[in-house]
Amino acid sequence: MQTNKYLMLMKTYSKLFPTSIFLKVMAAILILPLLQSCDDDEGGNIIWDIVPSDIVVHVVDHNGNNLLLPETPGYINPEEVAIEYKGKTYEYVNTSELEYPCYYTHSTQDNGTRAILCTWYGLHEGHNADDPTLNIGQLAPEDDYRNEQFDIIWPDGSRDRIGFDLFLIWKNDRTDFLYIKNLYLNGNPVETITIEK
């Protein structure tokens, strides 16, 4: 008799509260915490994860041929190049030979996070083996680099001075920003750094 009362109650309950309504209510309950986490107070809970940047240097001859390619006459071995930055000298590093190479992808070095790590390698190889460059970095734009400069020291002892600004201008209570990257070669503003040797 007790079982019959229970079954009748279940039938009555299911008529009053159909499954589709039940699923909608459950979905709303599960989504509610997600909606509450998105507020607009001073940027809300937005966490910005900004990709680190490199200063990229192209090295060419007077005909525009890449001097970092071994088959180019006048080849410059990048391992004989160095930079001087903030009173320290950094020699060329091939990051592909390091335990934690210079990649912008998520890998085992992330310690399980999705955060983009910014690692200072100093002077290192570019990311295109077919058109090699000298890269300086990595630099985090949120570190606010202004009026920075370094010297490239070439194998023949000559130098070129690279200046740069790399920073963010925050807008709308930190919900948006402008990304600023200015480059200078030997005191002159440039779009890209191309050094003719």
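Observations on the structure shown:
- Note that the range 108-197, at 10 °C in a medium of 1.306 mPa s, gets a Stokes-Einstein diffusion coefficient of 103 µm²/s from its Kirkwood radius over C-alpha pairs.
- The packing ranking, built from the mean of other Cβ atoms within 10 Å per residue, places the peptides 131-140, 146-155 in the order 131-140, 146-155, highest first.
- Summing +1 for each Lys or Arg and -1 for each Asp or Glu among the other residues whose beta-carbon sits under 14 angstrom from that of Tyr184 gives -2.
A short reminder: the numbers here are calculations on the coordinates, not readings from a lab. Only a predicted model underlies this, so the values are computations on that prediction, with no experimental measurement involved. Reconstructed Cβ throughout: ideal geometry from the backbone, glycine too, with neighbour counts over all protein chains shown.
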